[in-house]
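Computed from the coordinates by the stated procedures, all read-outs in this text should not be read as laboratory data. Everything numeric here is computed off the predicted structure, so don't read it as measured data. All Cβ positions, glycine included, derive from the backbone under ideal geometry; neighbour counts span all protein chains shown.
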Amino acid sequence: MPMQKVILLCGKIGCGKTTYAHRLKTMQNAVVLSCDEIMLALFPQQLGDQHDILAHRTQHFLFSKSLELIHAGISVILDWGFWQKTHRDAAKAFYAAHQIPCELHYIAVSDPIWKQYLAKRNQLVMDGCISAYFVDEALAHKCCALFEPPLPREVDVFYQNDTFLSDDIP
């Protein structure tokens with residue numbers, strides 16, 4: 001039986017992480033834990049200054065839940081971006097301290113494809129077809145300013161998501 005592990009998904013907002021996570025969960029027989037999924041289910045989209053505080057608490061909760069799942073024999077995919085190196089390092093150290101294998105999967109996307117994904121995602125949000133954050137130009141700019149692409153030595157699996165598929169929902 002393969003050893004359970006945790007997979008950290010890293011990539012810009014709207015790059016296709018969630019689509020990748022749901023494809024990967026079948027191949028890995030894993031559970032996807034999404035900070036956005038919980039946040040959107042419990043709180044309104046426009047939280048303002050409270051968003052970061054509640055997101056941090058949600059991530060802390062999901063770290064604990066991931067340990068429970070691993071100890072129950074289930075691999076875990078953490079779908080929340082890991083935009084900054086300090087966050088990636090902290091997550092890797094957390095799992096290393098618990099002697100749990102951890103991989104970083106980096107989903108990269110070119111700017112033209114990324115803009116197509118964001119436009120499609122925003123339309124689906126406006127149409128009520130998906131529960132996701134609407135990413136306007138200001139939020140996209142803010143998120144890109146915060147994003148620190150991982151160095152090659154940080155990455156266990158690199159996925160270049162540069163084919164816009166009409167059925168993909170990032």
*With each label point set 7 Å from Cα along the Cα-Cβ vector, what nm distance links A138 and L54?*
1.8 nm
*Please state the relative contact order of the chain as a whole percent: Cα pairs under 8 Å, 6+ residues apart?*
39 percent
*Once you have all Cα-Cα distances for the chain, histogram them in 5 Å bins from zero and send the whole-percent values.*
1, 8, 17, 22, 22, 16, 9, 3, 1, 0
*If you stretched the chain out fully between H98 and S131, how much longer would it get, using 0.36 nm times the residue separation minus the C-alpha to C-alpha distance?*
8.6 nm
_If I model a spin label at Q45 and E148 as a point 7 Å from the Cα along the Cα→Cβ vector, what separation in nanometres do I get?_
3.0 nm
*Determine the dipole magnitude for the chain: charges of +1 sit on the beta-carbon of Lys and Arg, -1 on that of Asp and Glu, nothing else is charged, the reference point is the Cα centre, and the result goes in debye to the nearest 20.*
320 debye
*Nonlocal amide H pairs with C102, under 5 Å, H built at 1.01 Å*: V6
